[in-house]
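Working notes for the structure below.
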Amino acid sequence: MIDLLLQTAAGLTLAIWLLQELYIRRQVEQTWLSSVSGVMQEPSWFIWLSRGLAAVWIAWVVMILRYKDGDFSFVLVILTFLSGFVLLLEKSVFEKRRALFLKVPAVQDKLKGLDRVQQEQVEASVEREAVTAEYANSFFPVLVLVLILRSFLIEPFQIPSGSMLPTLEKGDFILVNKFHYGLRLPVLGTKVMEFEQVSRGDVMVFKFPDNPKINYIKRVVGLPGDVIRYENKRLFVNGEYMSQEHVGFDDLGGRQFQVLNENLDGVKHTIYKMMNYPFRHGEGEWTVPEGHYFALGDNRDNSKDGRYWGFVPDNLVVGKAFAVWLHWDSFLSIPRFDRNKIIE
């Protein structure tokens, strides 16, 4: 539905802008030249339509900010392209055409017959950018900056569930390093430059393999070629037990959890196991194929992870989560900064 609204808004905005520049402006100019009045005005209906375009551009930005699934990159690329296209035509074609109109001998003769105030009004009316071009001029630099930052450097995410407790809580806002594993093209996800390899123990954001529009965050436990076994709530990698040291207990929502420090080949982090929970679900053994990773949630008894849907292909990797910068439970709550930390 949002895709359709954005496409409709984009097409309508471009069509009205071109209509104004290619037809309505010239009609107004010809009417002014053939009249005895010193006033140059666009039709009132078009003035109201132009005001509506301002709302369309603002609606685009609002929808972008609220568009939280994986198509955000696609929408951002389209908006950047459209804004750049409008700005390019405005500066290379229509702005020059308006300047030439004021230099036409007939226009110069008509201007000489007006007083200074009327001349300034006419010149301002001719030189004024259309609403669409005006907003493109304002938004394009911002969109380019956001696109570069979000696609290649750092992207913010909000944690939607408790599957990564106690490391990450629902409502945490995290920062994800997009270039840690290499530079990828926005939308396509194609890696054009590789830096670091995915490591065991990394907290990684990726697109859910069963629905790439959804972003997931889990901890990498298996690398290509690894044999992963999960048995009796214990994790084994290539036959080696990943040690778990008891730390204490925690109560959440009336349930008691055991808190343990797990060691993944030297990467130490904290995990949860539900107490008095006899079900041994998610057990099995998996061999990680080439170009894929196996990921688990730190809240082992409350995580929909690789034990249930399989492996993460390398082309769906988004980046490495490295920090919590804000915690915001709900829209009506007050944002907190007491959970700010580096993610281990």
Cα pair distances in region 67-213, grouped into 5 Å bins until the bin that holds the longest one, percent each: 2, 7, 12, 14, 12, 10, 8, 7, 6, 5, 5, 5, 4, 2, 1, 0
Kirkwood Rh in Å, taken over the chain so that all alpha-carbon pairs contribute: 24.2 Å
Average silhouette area of region 97-156, convex hull of alpha-carbon atoms, in square nanometres: 6.0 nm²
Which listed pairs, of K170/K273; K218/K341; K170/K207; K170/K268; K178/K341; K91/K320, have C-alpha distances above 29 Å, in listed order: K91/K320
DSSP-assigned coil residues among chymotrypsin sites (Phe, Trp or Tyr not before Pro) in region 259-324, each with at most 13 further Cβ atoms within 10 Å: F279
Share of alpha-carbon pairs per 10 Å distance bin for region 202-288, given as whole %: 15, 39, 38, 8, 0
Neighbour-limited loop hits for chymotrypsin sites (Phe, Trp or Tyr not before Pro), region 129-203 (at most 13 other Cβ within 10 Å; DSSP other than H, G, I, E, B): F195
Restricting region 283-340 to trypsin sites (Lys or Arg not before Pro) in coil, as DSSP defines it, with at most 16 other Cβ within 10 Å: K304, R339
Within a Gaussian network of the chain (alpha carbon springs, distance under 10 Å), most fluctuating of W32, W17, W45: W45
In order through region 281-294: 3J(HN,Hα) via Karplus (6.51 cos²θ - 1.76 cosθ + 1.60), integer Hz, x for Gly, Pro: 7, x, 7, x, 9, 9, 9, 6, x, 4, x, 9, 9, 10
Nearest-20 debye value, the chain charge dipole, Cβ charges on Lys, Arg, Asp, Glu: 560 debye
More than 27 angstrom apart: percent of Cα pairs within region 159-342: 27 percent
GNM flexibility winner over the chain from R184, R98, R150 (Cα, springs under 10 Å): R98
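No lab work stands behind these numbers, since they all come straight from the coordinates. The shown structure was predicted, so the numbers you read here are calculated from the model rather than taken from an experiment. All Cβ positions, glycine included, derive from the backbone under ideal geometry; neighbour counts span all protein chains shown.
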